[in-house]
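Undergrad: The structure's right below; bear with me while I get my questions together.
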């Protein structure tokens, strides 16, 4: 009996739709340090499905398609989702993303829940948040400043 999920694949995997999956693969590698794991061409030769990893995390992506009822954030009036990704050094990660042309929407900031994080948009408008966990906070102490 096969392992479920397959070995090396987390139980929950975000799936993102892009107008140009090949460009997204290059951009995510250059800007955020993801590594390409798999690509599958569609009937037209363009990439219809791809998978990338960052550490133990994985993201799948496919081509935005009217036939499938999917869209890129570039086709929508507002961002409708966000991914939260832990990295070893959030400040260095932000600097690399900025140098590669990422639109930084929130500078690295220490948060009340114990993470230091920044936010960025990729080339098609997917909202990414990257964080480094700095300290554990007891559930009873999880309150925003001023609350």
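The values are calculated or read from the model by the stated rules, or taken from the named source; none is laboratory data. For clarity, every value in this text was computed on a predicted model and none was experimentally measured. Reconstructed Cβ throughout: ideal geometry from the backbone, glycine too, with neighbour counts over all protein chains shown.
Undergrad: Do we find that residue 118 is crowded, with 17+ Cβ neighbours inside 10 Å, outside the structural domain of residue 13 (by TED's automatic domain parsing) and under 18 Å from the mean Cα position of the chain (by Cα) in this structure?
TA: On the way: crowded, with 17+ Cβ neighbours inside 10 Å: yes; outside the structural domain of residue 13 (by TED's automatic domain parsing): yes; under 18 Å from the mean Cα position of the chain (by Cα): yes.
Yes; evaluated as a whole, the condition is true for this residue.
Undergrad: Given the conditions (1) more than 24 Å from residue 12 (Cβ to Cβ); (2) assigned to a loop (DSSP other than H, G, I, E, B); (3) not assigned by TED's automatic domain parsing to the domain that holds residue 10, report the number of the one that residue 71 does not fulfil.
TA: (1)
Undergrad: With the structure loaded, tell me whether residue 44 is assigned by TED's automatic domain parsing to the domain that holds residue 130, in a loop (DSSP other than H, G, I, E, B) and either closer than 19 Å to residue 132 by Cβ or at pLDDT below 95 (or both) or whether it fails that test. Talk me through it step by step, then tell me what you get.
TA: Numbers: assigned by TED's automatic domain parsing to the domain that holds residue 130: no; in a loop (DSSP other than H, G, I, E, B): yes; either closer than 19 Å to residue 132 by Cβ or at pLDDT below 95 (or both): yes.
So residue 44 does not fit the description; no.
Undergrad: Related question: Output the residues belonging to the stretch 1-37 that are without any contact (Cβ under 8 Å) to a residue 40 or more places away in the chain, surrounded by 12 or more Cβ atoms within 10 Å (Cβ to Cβ) and out of contact with any helix residue (DSSP H, G or I) (no Cβ under 9 Å at 6 or more places or on another chain).
TA: Those that are without any contact (Cβ under 8 Å) to a residue 40 or more places away in the chain, surrounded by 12 or more Cβ atoms within 10 Å (Cβ to Cβ) and out of contact with any helix residue (DSSP H, G or I) (no Cβ under 9 Å at 6 or more places or on another chain): 5, 22, 25, 26, 29, 37.
Undergrad: If a residue must be in a loop (DSSP other than H, G, I, E, B), in contact with a strand residue (DSSP E or B) (Cβ under 9 Å, 6 or more places away or on another chain) and in contact (Cβ under 8 Å) with a residue 40 or more places away in the chain, how many such residues does the stretch 100-124 contain?
TA: Looking only at that region, the number is 4.
Undergrad: If only one of 83, 54 is assigned by TED's automatic domain parsing to the domain that holds residue 95 and surrounded by 14 or more Cβ atoms within 10 Å (Cβ to Cβ), which one is it? Break it down into steps so the answer makes sense when it comes.
TA: On the way: 54 fails: assigned by TED's automatic domain parsing to the domain that holds residue 95.
Of the residues listed, the single one that is assigned by TED's automatic domain parsing to the domain that holds residue 95 and surrounded by 14 or more Cβ atoms within 10 Å (Cβ to Cβ) is 83.
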